[in-house]
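J.: Next up is a structure, given as structure tokens.
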Amino acid sequence: MKKEKLNQNSFKLDRKFLFFATHNIHKFNEAQIVLSEFNLSVGMLRVKNAEIQSDNLKEIAQSSALEIFKQYGLPILVEDSGLFVEALNGFPGPYAAYVYKTIGNRGLISLMEKIGNRKAVFKSAIVYCKSDKINPKFFEGEVTGTIALKEVRKQSVHGFGFDPIFRPKGNSKLFSEMTIAEKNFYSHRAIALRKFARWFNQSKK
Ligand code: ITT
């Protein structure tokens, strides 16, 4: 898609069609399935924007959504997520992407080598922005669970990021051992997206 603002008079979006701005195809695939439960279609918008530095997922997602809206003039969904490990005082939290790229799952497991408390929470902040004149709408979701003692990768099954070390509470499987449909039953992202979709379908756009 061109980087210039689209002329909204000549480009009418179906009210059931949305753009989800992300570079992460796994996030997009999960979102597509959840939103389809609500009869909403979604397109992936791979755009460059500078994420602000903040400890707050909502602030990060809000600022990205506004910036992308200003660039493209399209109603847009943005998600920012993070993994908060209790025994590490919430590390890596909103810095999850950087920590995953640098030390990865094995690095995180080594940091927790002698730690018995394995509790962790995945959090998701979803922001929908359709104007720079009104505040973007915000929805959140979280899933509690534990960090495994070792990484489990299953080639045939969906999974990315910290999925091979995160086990949602009350489940014997790690996220990496689940299908997308199973993961969407528990995940922080699916919870936040369902809140959004219910609001979206009820509200007058
Ligand atoms: P965009 O910002 O382009 O949407 P991203 O991958 O950078 O994609 P986030 O900043 O929201 O997305 O996520 C931070 C990281 O947290 C992400 O790269 C993963 O490593 C991890 N993460 C987030 N959600 C996850 C999930 O459902 N399963 C496993 N890891 C996840």
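The values are calculated or read from the model by the stated rules, or taken from the named source; none is laboratory data. Fair warning: this is a prediction, and the values are worked out from it, not measured in the lab. Keep in mind that these areas ignore ligands, DNA and RNA; they rest on the heavy atoms of the full protein, side chains included. Shrake-Rupley method; radii C 1.70, N 1.55, O 1.52, S 1.80 Å.
J.: Classify the range 21-99: rounded, prolate or oblate, from the alpha-carbon gyration tensor (a ≥ b ≥ c, eigenvalue square roots; a/c under 1.5 rounded; otherwise prolate if a/b is larger than b/c)?
T.: oblate
J.: Leaving out same-chain residues fewer than 8 places away, which aspartates and glutamates sit with a Cα under 20 Å from that of residue 114?
T.: Within the straight-line cut-off, residue 114 pairs with 86, 151.
J.: Would you calculate the convex hull of the Cα atoms in the range 83-205 and tell me its volume per residue in Å³?
T.: For the range 83-205, the hull spanned by Cα atoms encloses 123 Å³ per residue.
J.: Under the rule of -39500 (n - 2.57) per DSSP H run of 4 or more residues, summed and divided by the residues of the chain, what mean residue ellipticity at 222 nm is obtained, to the nearest 500 deg cm²/dmol?
T.: When only DSSP H runs of four or more count, the value is -9500 deg cm²/dmol.
J.: Residue 111 accessible area, nearest 10 Å², 1.4 Å probe?
T.: 90 Å²
J.: Follow-up question, since we're still on this one. Ranked by accessible surface with a 1.4 Å probe, highest first, in what order do 163, 132 come?
T.: Heavy-atom accessible area, descending, gives 132, 163.
J.: Let me ask something additional. Could you go through the range 122-131 in sequence order and give the Karplus-derived ³J(HN,Hα) for each residue, using 6.51 cos²θ - 1.76 cosθ + 1.60 with θ = phi - 60°, rounded to whole Hz, and x for Gly and Pro?
T.: Those phi angles translate into 8, 10, 10, 10, 9, 10, 10, 10, 10, 6 Hz.
J.: If you don't mind, there's one more thing I want to ask. Distance check, please: which entries in 150/195; 48/70; 119/195; 101/150; 27/154 exceed 23 angstrom between their Cα atoms?
T.: 150/195; 119/195
J.: HN-Hα J couplings of the range 78-87 from phi, Karplus 6.51/-1.76/1.60, θ = phi - 60°, integer Hz, Gly and Pro as x?
T.: Working through the residues one at a time gives 10, 10, 10, 10, x, 10, 10, 9, 4, 5 Hz.
J.: Separate question: Taking all protein chains together and a probe of 1.4 Å, list 160, 20 from the most accessible to the least accessible.
T.: 160, 20
J.: If DNA, RNA and ligands are ignored and the probe is 1.4 Å, what is the ranking of 44, 178 by accessible area, most exposed first?
T.: The ranking, largest first, comes out as 44, 178.
J.: Right, here's the next one. Please list, in chain and number order, the residues 5+ apart from residue 45 or on another chain whose amide H is under 5 Å from its amide H, with Hs placed from the backbone.
T.: 20, 21, 22
J.: If you take every DSSP beta bridge fully contained in the chain, what fraction is antiparallel? Give it as a percent rounded to 5.
T.: 75 percent
J.: Going Cα to Cα from residue 169, which aspartates and glutamates come in below 13 Å? Please leave out same-chain ones fewer than 8 positions away.
T.: 142
J.: GNM, the chain, Cα, under 10 Å: largest mean-square fluctuation among 170, 93, 43?
T.: 170
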